[in-house]
Amino acid sequence: MAIVGFFSKNSTIKLQNEWEKRLRIYLPSINLVPLLSEHAEQVTTALLWKPPIERLKDLKNLKGLISLGQGVDHILKSNSIPTYIPIVRIVDPYMAKSMSHWVILSILNFVRDTYGYYEQEKLKKYEPRKELNFLSLKIGVYGVGAIGSVVAKDLYNLGFKVEAWSRTKKEIQGVNCHYGENSFEQLIKKCDIHVCLLPLTQSTTNIFNKLIFANMKYGSCFINAGRGDHVVEDDLIENCKSGHISSAILDVYRDEPLPKDHKFWEIKNIRIWPHVAAETNPETAAKQIANAINCINKGELPPNTIDRNLGY
Ligand code: NAP
Ligand code: GLV
């Protein structure tokens, strides 16, 4: 019987039961036990979303950790997990498409001024508003891995001009690809809409800061579904207040859930989503997680094990 530890911050036992049900399709004898229960102390594998890292030190038989999301920064945060323990992430085309839908929604709301029309509707005002010419807009997608590459392709297929940025060289049909630190500022200067889909690492923390916002065109749109720590929040607020950034659409924050007294809530051109742009779907992700558990127990390296040197 496979006993696997489970922890998903702010979720209920219902979610653990849902995962167990989905995983049993592939591993009929699996049992998920709460990470904080004494039963978890013998587990070799744990499924985690924002876990209390200290607890992992009690798992003396640990052979591998699996993130319940595509990002792993929530596990790497403490830097205390031995490098011989593989950390595996989900890579699910369902999530990539889901993110693509959310980014497209955000961009179309900006281009077609949806919120301006909502305001007019309240006043029974029947008048066209200024429409942006989508042919002249450039969209920068920062991070074109499993998720960003799908987003970039889908935006291109909608008729947008798309520029992509990654660490290493990429080829994406129809998309202008750039790579490496040196090309970042140039790209920032020429795009009108900026979409952050980077993983959070030492190199990408605070990447959207005062200097970078200042280099964006006046009236730019900024979209963040990467991680909150990619953004220096006070710098974003300042730029939104001045109109330099005309619209910011955010799904992730340095502090989650976003505190009720956070300044973001007060800024009228910041749209707030509660980290739902691409949610993990147990139905579509269970098969790869079951496979990862099997690999870990056999001492094999599972697919989508992260590179500990890169941090993603
Ligand atoms: P991924 O497949 O690992 O792709 C990451 C991309 O970022 C790659 O293109 C990588 O370049 C690039 N990158 C990393 N470090 C860079 C650097 N220093 N400079 C330039 N480019 C860099 O990750 P993913 O699965 O697409 O997920 C990306 C992130 O999205 C996750 O880590 C998570 O934070 C976020 N996410 C958010 C949600 C949500 O609901 N808001 C849902 C899922 C994921 P190379 O390919 O050249 O290495
Ligand atoms: C969500 O943020 C994820 O990393 O999957």
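The values are calculated or read from the model by the stated rules, or taken from the named source; none is laboratory data. All values reported here derive from a predicted model rather than from experimental measurement. Glycine also receives a Cβ, built like all others from the backbone with ideal geometry; neighbour counts cover every protein chain displayed.
Can you find, within the stretch 88-100, the residue that is nearest to ligand 2 (Cβ to nearest atom) among those that are surrounded by 14 or more Cβ atoms within 10 Å (Cβ to Cβ) and part of a helix (DSSP H, G or I)?
Across the stretch 88-100, the extreme among qualifying residues is Met95.
Please tell me if Val232 is within 15 Å of ligand 1 (Cβ to nearest atom) and β-branched (Val, Ile, Thr).
no
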Restrict the check to the stretch 108-128 and report whether at least one residue is within 16 Å of ligand 1 (Cβ to nearest atom) and surrounded by 15 or more Cβ atoms within 10 Å (Cβ to Cβ).
-> no
Specify the residue that is surrounded by the fewest Cβ atoms within 10 Å (Cβ to Cβ); the eligible residues are those in the stretch 62-87 that are in a helix (DSSP H, G or I) and hydrophobic (A, V, I, L, M, F, W, C).
-> Leu76
Expected output for the stretch 60-72 (first residue farther than 12 Å from Asn297 by Cβ and modelled with pLDDT of 95 or more, partner near ligand 2 (Cβ under 8 Å from one of its atoms) and among the hydroxyl-bearing types (Ser, Thr, Tyr), Cβ below 7 Å, 6+ apart or cross-chain) is Leu68/Thr280; Gly69/Thr280
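Applying the selection to the stretch 256-265, what residues are acidic (Asp, Glu) and either within 15 Å of ligand 1 (Cβ to nearest atom) or in contact with a strand residue (DSSP E or B) (Cβ under 8 Å, 6 or more places away or on another chain) (or both)?
Correct list: Glu256 only.
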Hey, can you tell me all the residues within the stretch 223-235 that are crowded, with 23+ Cβ neighbours inside 10 Å, in contact with a helix residue (DSSP H, G or I) (Cβ under 7 Å, 6 or more places away or on another chain) and not in a loop (DSSP other than H, G, I, E, B)?
-> Ile223, Asn224
Please list, ordered by first then second residue, the pairs with beta carbon atoms under 6 Å, 6 or more apart or interchain, first in the stretch 232-251 and of a type in the set (Ser, Thr, Tyr), second assigned to a loop (DSSP other than H, G, I, E, B).
-> Ser246/Gly219; Ser247/Asn269
How about the stretch 112-208: which helices (runs of 4 or more DSSP H) wholly inside it have at least 3 residues that are touching a residue at least 40 places away in the same chain (Cβ under 8 Å)?
-> 148-157, 184-190
Can you tell which of Ile3, Ile25 is surrounded by fewer than 14 Cβ atoms within 10 Å (Cβ to Cβ), in contact (Cβ under 8 Å) with a residue 40 or more places away in the chain and more than 15 Å from ligand 1 (Cβ to nearest atom)?
-> Ile25
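Looking at the stretch 138-196, which of the residues that are of a type in the set (Asp, Glu), within 17 Å of Phe208 (Cβ to Cβ) and in contact with a helix residue (DSSP H, G or I) (Cβ under 7 Å, 6 or more places away or on another chain) is nearest to ligand 2 (Cβ to nearest atom)?
Glu163
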Residue satisfying all of: in the stretch 28-48; hydroxyl-bearing (Ser, Thr, Tyr) and either touching a helix residue (DSSP H, G or I) at 6+ places or on another chain (Cβ under 6 Å) or more than 13 Å from Phe7 (Cα to Cα) (or both); surrounded by the fewest Cβ atoms within 10 Å (Cβ to Cβ) among these | Ser29
Hey, any hits in the stretch 217-226 for a residue that's modelled with pLDDT of 95 or more and over 25 Å from Val144 (Cβ atoms)?
-> yes
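Okay, residues lined up against (1) buried (at least 18 other Cβ atoms within 10 Å of the Cβ); (2) over 20 Å from Leu200 (Cα atoms):
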position: Asp261; (1), (2): no, yes
position: Ala286; (1), (2): yes, yes
position: Asn297; (1), (2): no, yes
position: Leu310; (1), (2): no, no
Members of the stretch 1-35 found to be basic (Lys, Arg) and within 19 Å of Ile90 (Cα to Cα), listed by number = Lys9, Lys21, Arg22, Arg24
Scanning the stretch 65-80 residue by residue, those within 14 Å of Leu35 (Cβ to Cβ) and more than 13 Å from ligand 2 (Cβ to nearest atom) turn out to be Leu65
